[in-house]
Amino acid sequence: MIIVLKPKIAKRDELAVLKEIRKLGYRPHIMRGVERTVIGAIGDERTHQSLETLVSWPQIESVTPIQKRFKLVSREAHPANSTVKVRGEVIGGKRFHVMAGPCSVESEKQLLTTAHAVAEAGATILRGGAFKPRTSPYEFQGLGEKGLKLLDKARRETGLPVITELLSEQHAELVAEYADILQIGTRNAQNFQLLIAAAKTGKPVLLKRGLSMKIEEWLLAGEYVLANENCNLMFCERGIRTFETYTRNTLDLSTIPIIKNESHLPIVVDPSQGAGRADLIAAMCKGAVAMGADALLIEVHPNPAEAWSDGAQQLSIDKFKQLTRELKPFIAAAGRE
Ligand code: PEP
Ligand code: MN
């Protein structure tokens with residue numbers, strides 16, 4: 001911690017700070033400037049009381065951590081890019097990935113039609129929600145286990161690995177039995193017990209950014225997965241809540257280079273929840289590819305007008321096919337395959 005003292009404080013007030021730092025188990029290093037004194041306090045905050053509370057002392061101006069609060073997810077801890085391996089697919093490497101499928105699994109016909117179509121168009125992973133986190137309890141909540149079984153069937157028919165959302169700790173084992181990647185949704189991004197349960201299944205985890213989550217909080221949420229012995233984590237930008245109403249959320253593409261700088265883990269972009277509008281998806285996908293995203297997560301439905309959830313933002317199969325064609329030069333220009 002770097003502790004900056006207020007200017008012109010009495011010697012005894014400075015000594016009181018040094019005494020408290022030592023009492024809490026840290027070693028103080030004093031740096032005296034012309035105007036003010038700065039103290040560097042060295043010690044491990046995991047085993048000692050935090051020094052942050054010192055900020056309330058009248059003689060102290062500021063208390064700032066020296067190290068970042070996230071460690072295992074940070075690029076400092078692991079300078080090379082990490083990849084996540086899913087049934088032979090490698091996310092975060094040279095190959096660019098498109099995860100596509102319906103917002104919700106609705107029926108066998110709807111899922112299988114979509115799964116075959118997205119596979120043919122070049123998607124490498126199938127998405128589909130079986131447990132749906134709906135804002136209203138009166139909206140479709142997902143098919144649950146029946147939906148997972150349909151995803152399993154679609155995987156067997158198409159060979160595409162499956163990503164699906166885990167909503168509750170009590171379903172961790174069940175969902176992990178069927179899913180190749182566990183999606184932690186925006187509403188649960190800081191549900192730490194759920195993150196721990198997801199990590200403990202050993203399955204790769206895709207962590208969406210919380211609706212109003214700062215990037216540091218998101219990285220710290222990811223830290224829960226790695227700290228529970230699961231290093232197969234991907235971050236997923238899906239838009240945050242702002243004052244803007246033209247779009248459902250504000251897709252924050254600045255998180256792509258920021259996550260790449262701060263972390264060694266892959267970054268995925270979900271423009272479907274980000275925009276909430278099918279007409280904006282293609283442009284946002286191109287932007288995300290150009291900015292260095294490792295994968296996209298896109299909602300596709302055989303008949304978006306009749307979708308049981310998120311109809312306005314799902315691409316029709318034709319639009320998705322057109323999009324994958326249009327993305328090719330962007331993927332190549334970004335140095336990906
Ligand atoms: C989804 O992917 O359908 C979903 C509900 O995502 P989010 O958690 O980002 O809203
Ligand atoms: Mn959705």
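The values are calculated or read from the model by the stated rules, or taken from the named source; none is laboratory data. Computed from a predicted structure; not experimentally measured. FYI the Cβ positions are ideal-geometry reconstructions off the backbone, even for glycines, and counts take in every protein chain you see. Accessible surface is based on the protein model in full, side chains and every heavy atom, while ligands, DNA and RNA are left aside. Shrake-Rupley method; radii C 1.70, N 1.55, O 1.52, S 1.80 Å.
Taken together, the criteria exclude Ile331 from residues that are open to solvent by 50 Å² or more (accessible area, probe 1.4 Å) and away from ligand 2 (no atom under 14 Å from the Cβ). For segment 99-150, the set of residues classified as within 13 Å of ligand 1 (Cβ to nearest atom) and aromatic (Phe, Trp, Tyr) consists of Phe131, Phe140, listed by residue number. For segment 295-337, a residue qualifies if it is of a type in the set (A, V, I, L, M), free of Cβ contacts under 8 Å to residues at least 40 places away in the same chain and more than 26 Å from Ser104 (Cα to Cα), and exactly one does: Ala332. Residue count for segment 282-300 under the criterion of being open to solvent by less than 10 Å² (accessible area, probe 1.4 Å), closer than 12 Å to Thr324 by Cβ and more than 13 Å from ligand 2 (Cβ to nearest atom): the result is 3. When Glu244, Glu229 are checked against the criterion of being among the acidic types (Asp, Glu) and free of Cβ contacts under 8 Å to residues at least 12 places away in the same chain, a single residue qualifies: Glu244. Of all the criteria given as (1) out of contact with any helix residue (DSSP H, G or I) (no Cβ under 9 Å at 6 or more places or on another chain); (2) more than 16 Å from ligand 2 (Cβ to nearest atom); (3) in a strand (DSSP E or B), the one not satisfied by Asp279 is (3).
Within segment 313-326, can you find the residues that are near ligand 2 (Cβ under 10 Å from one of its atoms) and open to solvent by 20 Å² or more (accessible area, probe 1.4 Å)? Listed by number, the list is empty, since nothing qualifies.
Tally up the residues in segment 30-52 that are open to solvent by 70 Å² or more (accessible area, probe 1.4 Å) and of a type in the set (Val, Ile, Thr), please.
Residues meeting the conditions: 4.
Here the condition is being within 30 Å of Glu229 (Cα to Cα) and either among the β-branched types (Val, Ile, Thr) or in contact with a helix residue (DSSP H, G or I) (Cβ under 8 Å, 6 or more places away or on another chain) (or both); of Val4, Val55, Val86, Val17, it holds for Val86 alone.
Is one or more of the residues making up segment 49-71 touching a Leu at 6+ places or on another chain (Cβ under 7 Å), within 30 Å of Leu296 (Cβ to Cβ) and not hydroxyl-bearing (Ser, Thr, Tyr)?
Within segment 49-71, the subset touching a Leu at 6+ places or on another chain (Cβ under 7 Å) is 49, 51, 59-61, 63, 69-70.
From what's left, within 30 Å of Leu296 (Cβ to Cβ): 69-70.
Narrowing further to those that are not hydroxyl-bearing (Ser, Thr, Tyr): 69-70.
For segment 49-71, residues touching a Leu at 6+ places or on another chain (Cβ under 7 Å), within 30 Å of Leu296 (Cβ to Cβ) and not hydroxyl-bearing (Ser, Thr, Tyr): present.
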